[in-house]
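Novice: Got a structure for you, questions after.
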Amino acid sequence: MDFYVIVQLADATLRMAIPLLLACLAGLFSERAGIFDIGLEGKMLAAAFLSAAVSFATGSVWIGLLAGIGASLSLSLIHGIASITFRGNQLISGVAINFLAAGLTVVIAEGWFRQGGRTPSLSGAARFDGIDFPGALTRIRDKLQASPGMQFYSELVSGHSILVYVGLIAVPLSWWVLYRTRFGLRLRAVGENPAAVDTAGINVVQLRFAAVLICGVLCGIAGAYLSTAVQAGFTKDMTANRGFIALAALIFAKWRPWHAMGACLLFGLFFAIDNRFQNIQLDALWVVVILVGISALLTGYALRRDKIDMLVLGGLSAVLTVIALMLWGGMASGSEAGLFGSLMETVKLPGEFIQSLPYILTVVILAGFGGKAVGPRAGGEPYVKER
Amino acid sequence: MDVLPRWAEVVLVPLISLVLALALSMIVIAAIGEDPFNALKIMANAALGSTQGIGYTLYYATNFIFTGLAVAVAFHARLFNIGGEGQAMLGGLGVATVCLYLPLPHWTIALVVATLASAVFGAAWAAIPAYLQARRGSHIVITTIMFNFIAAGLLIYILREVMKPEGSMEPASQKFAESTHLPSFFDMAQLFGWEAFASAPANITFFVALAACYVIWRLIWHTRLGYEIRALGHSETAAKYAGIDPVKLTMIALLISGGLAGMMAINNVLGEAERLVLNATEGAGFIGIAVALMGRNHPVGIIIAAILFGMLYQGGAVLAQDTKIPVQMVIVIQALVIMFTGALDNMVRAPLERFFLSTRKRA
């Protein structure tokens, strides 16, 4: 693998990570203020649609971006009214918002453009194009022959749309707002102990609404990025679970901005690897060793606990061991190298596995390996002033 | 103690939510330039106008009864199982596994074996999120969402690499043996010499679903286990004080929930498709949330809500053929029902409470 391939992979990782990052920071603000938000996906989708539709109608991507933010904000407002004003269940409200966006975007797109639930494709000023920095090479042939430093500069640093840089700036900005301003301190406090914040004479409802609206703005930018910068137009369900992966990244990052960037880049890397390498091979030996090793660890842990642990973890270990043995058996019967020789052969890792890695990793993190992931203490609970 | 009389709680509140959701949906239909009343007529006619339409409605309703019950059982323990979709997918995998690899000479045997397999697979898929919730306090909502996606990936892989018959391009399993064919409403009507339900997919599973409703009703309100589940849902500290083991109860409630969601597969996989295809669940796992919320977590309410959503699905499908309103309109209505019955419950309830309080004062 030469240096240019690595740079290209890093470039793809960054492009994939930006919508995750923006949505993840959006969730960060909301959840740090004590409002769970599983509606990130829906807000991104609504923003992706409206920004593409308005960009097409007006010919200006900036007006489109504003419209997308507006769409996301209005869903945020609904979430705020349901979960703050009416003290409803925040999770159910989030679920409803996801469905609302999934349905409405297609219904309106069909009613507006009659193109099977998509917007016409965007071009020219109706799209965010990559910005080429001074001195950066733009042609692939030139880049291939350039020095490593130049490749790095031309491919990875330069050539992205402005929203990528906005996403990257959003990380230190979020950190600064949350940890270095009075507003941020209060916002974090309201997610931990709203009663204390209320006692200090600060308006809990106002603070939480502010957090939910910031979340809306960031989700709006994320959605607009997908439909006007990555793609040229909106297609049905184009967010493709990114809102949920962002949620996973948020837990992975334990609700901290810089870690959120790390988590999103990691998940972006999974996407990039999956896109670029269709065929990832691994020695069968390693697969078997890893599966059996995990089983042994789980069983060892469960043996020291109760019956329930034994049942669940033992069952899981049994399933993993059976998979390992089936793989080994399949390899051995299909090759002439014999029972042990076949272990040296390679198996192809399924693409579905790579795509599922963010979800699997989130579950592993939630299980408490590598430090327990504990969210804001008052998360998910409506604040009732009068007792 | 309660401000609202029981009939208002059970009938009026869900009804008002439904009317609000429908009114907003009709505004949306009008906004995209279609006639909302005409749309309503087409939908009602499609869902109830013929025995075939009714057959489709009841087929969808059967799916939704299972997933609705699944969500409701978890709700009784104050757990939000959002993973019905993934559990139903795994249930389908269970049904396909036994139907493809076991000899099942008669449909009655197939039904029993498939029911067991689907429930076991569904419950197994719920087991890890349940365990993590019970033991490690990991949030069940997040873990079940993640397990939905993992299930989708797993199913794509299995259909593409394992179950796909050789030479076939489509990621789907082979057709099950002829002997596993469940009697459809058409077959049953013919027994009585009645030509009805034509090609509608409704089948004997509908009665299994009704039986499941009865069993769950007995379980929740007439057994010690059900009492413990409800006690846990009302207050974990009180339940603990009463000697209930929250870890065990959380596990049991979620395993029942996962099993019920998995059992949906006997309807859509064994009853309708008779093979395992991609996306066999068609989002029914999520509709269970709306059904459980609207049915107030009670089996009778769930049956009514499931039939309503069955009508909505059948009507929406025909609506998409006959007009320019896309089938996603159904998702909009579903979202609004979830919003009004679930999240905006207090908004619907507050004016009603004020009204009933004022009448009581006068009396």
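The values are calculated or read from the model by the stated rules, or taken from the named source; none is laboratory data. If you're wondering where the values come from, they're calculated on a predicted model, not measured in any experiment. Cβ: placed from backbone, ideal geometry, glycine included. Neighbour counts: every protein chain shown.
Novice: For region B:297-333, name all the residues that are within 14 Å of chain A (Cβ to nearest Cβ) and within 12 Å of B:A72 (Cα to Cα).
Specialist: If the condition is that a residue be within 14 Å of chain A (Cβ to nearest Cβ) and within 12 Å of B:A72 (Cα to Cα), then B:N297 is the only one that fits.
Novice: crowded, with 18+ Cβ neighbours inside 10 Å, more than 15 Å from B:A261 (Cβ to Cβ) and within 14 Å of another protein chain (Cβ to nearest Cβ) - does that describe any residue in region B:72-80?
Specialist: no
Novice: How about region B:237-263: which of its residues are of a type outside the set (K, R) and within 14 Å of chain A (Cβ to nearest Cβ)? Spell out how you get there, then give the answer.
Specialist: Going residue by residue through region B:237-263, those that are of a type outside the set (K, R) are B:237-239, B:241-247, B:249-263.
B:D245, B:P246, B:V247, B:L249, B:T250, B:M251, B:I252, B:A253, B:L254, B:L255, B:G258, listed by residue number.
Novice: Within region B:106-138, how many residues are of a type in the set (S, T, N, Q), in a helix (DSSP H, G or I) and more than 19 Å from the chain's Cα centre (by Cα)?
Specialist: Number satisfying all stated conditions: 2.
Novice: Could you say whether any residue in region B:258-273 is within 30 Å of B:G55 (Cα to Cα) and either surrounded by fewer than 24 Cβ atoms within 10 Å (Cβ to Cβ) or charged (D, E, K, R) (or both)?
Specialist: Looking through region B:258-273, at least one residue is within 30 Å of B:G55 (Cα to Cα) and either surrounded by fewer than 24 Cβ atoms within 10 Å (Cβ to Cβ) or charged (D, E, K, R) (or both).
Novice: Count, please, the residues in region B:88-140 that happen to be under 21 Å from A:L247 (Cα atoms) and either surrounded by fewer than 19 Cβ atoms within 10 Å (Cβ to Cβ) or away from every other protein chain (no Cβ under 14 Å) (or both).
Specialist: The total comes to 2.
Novice: Give the number of residues within region A:43-98 that are more than 14 Å from chain B (Cβ to nearest Cβ) and within 20 Å of B:I142 (Cβ to Cβ).
Specialist: Counting residues in region A:43-98 that are more than 14 Å from chain B (Cβ to nearest Cβ) and within 20 Å of B:I142 (Cβ to Cβ) gives 1.
Novice: Are any residues in region A:228-245 more than 21 Å from A:T58 (Cα to Cα), more than 12 Å from chain B (Cβ to nearest Cβ) and either outside any loop (DSSP other than H, G, I, E, B) or in contact with a Phe, Trp or Tyr (Cβ under 9 Å, 6 or more places away or on another chain) (or both), and if so, which ones? I'd like the intermediate steps shown before the answer.
Specialist: First, pick out the residues of region A:228-245 that are more than 21 Å from A:T58 (Cα to Cα): A:236-245.
Next, from what is left, pick out any that are more than 12 Å from chain B (Cβ to nearest Cβ): A:238-239.
Result: A:M238, single match.
Novice: Somewhere in region A:285-294, is a residue assigned to a loop (DSSP other than H, G, I, E, B) and more than 12 Å from chain B (Cβ to nearest Cβ)?
Specialist: Among the residues of region A:285-294, not one is assigned to a loop (DSSP other than H, G, I, E, B) and more than 12 Å from chain B (Cβ to nearest Cβ), which makes the answer no.
Novice: Quick one: in region B:30-73, of everything that is part of a helix (DSSP H, G or I) and hydroxyl-bearing (S, T, Y), which residue is nearest to the chain's Cα centre (by Cα)?
Specialist: Across region B:30-73, the extreme among qualifying residues is B:T67.
Novice: Just checking, how many residues over region B:278-306 are of a type in the set (A, V, I, L, M, F, W, C) and farther than 21 Å from B:L12 by Cα? Before you say what the answer is, go through the steps one by one.
Specialist: Start the filter on region B:278-306 by keeping residues that are of a type in the set (A, V, I, L, M, F, W, C), which leaves B:278, B:280, B:284, B:286-287, B:289-294, B:300, B:302-306.
Checking the rest, the ones that are also farther than 21 Å from B:L12 by Cα come to B:278, B:280, B:284, B:286-287.
Final tally of qualifying residues: 5.
Novice: Give the residue, chosen from B:I302, B:I289, that is farther than 22 Å from B:G55 by Cβ, of a type in the set (V, I, T) and either surrounded by 23 or more Cβ atoms within 10 Å (Cβ to Cβ) or without any contact (Cβ under 8 Å) to a residue 24 or more places away in the chain (or both).
Specialist: Exactly one of B:I302, B:I289 is farther than 22 Å from B:G55 by Cβ, of a type in the set (V, I, T) and either surrounded by 23 or more Cβ atoms within 10 Å (Cβ to Cβ) or without any contact (Cβ under 8 Å) to a residue 24 or more places away in the chain (or both), namely B:I289.
Novice: Condition first: closer than 29 Å to B:R135 by Cα, in contact with a helix residue (DSSP H, G or I) (Cβ under 7 Å, 6 or more places away or on another chain) and crowded, with 24+ Cβ neighbours inside 10 Å. Can you find one or more residues in region B:226-234 that meet it?
Specialist: There is at least one residue in region B:226-234 that is closer than 29 Å to B:R135 by Cα, in contact with a helix residue (DSSP H, G or I) (Cβ under 7 Å, 6 or more places away or on another chain) and crowded, with 24+ Cβ neighbours inside 10 Å.
Novice: What number of residues within region B:271-294 satisfy the criterion of being within 19 Å of B:V208 (Cα to Cα), at pLDDT 90 or above and not in a helix (DSSP H, G or I)?
Specialist: Number satisfying all stated conditions: 0.
Novice: I've got another one for you. Against the definition (within 14 Å of chain B (Cβ to nearest Cβ), farther than 23 Å from B:R135 by Cα and either surrounded by 13 or more Cβ atoms within 10 Å (Cβ to Cβ) or in contact (Cβ under 8 Å) with a residue 24 or more places away in the chain (or both)), how does A:P358 come out, yes or no?
Specialist: no
Novice: Which of the helices (runs of 4 or more DSSP H) found entirely inside region A:73-191 contain at least 3 residues meeting this: in contact with a Phe, Trp or Tyr (Cβ under 9 Å, 6 or more places away or on another chain)?
Specialist: Ranges flagged: A:90-113, A:162-180.
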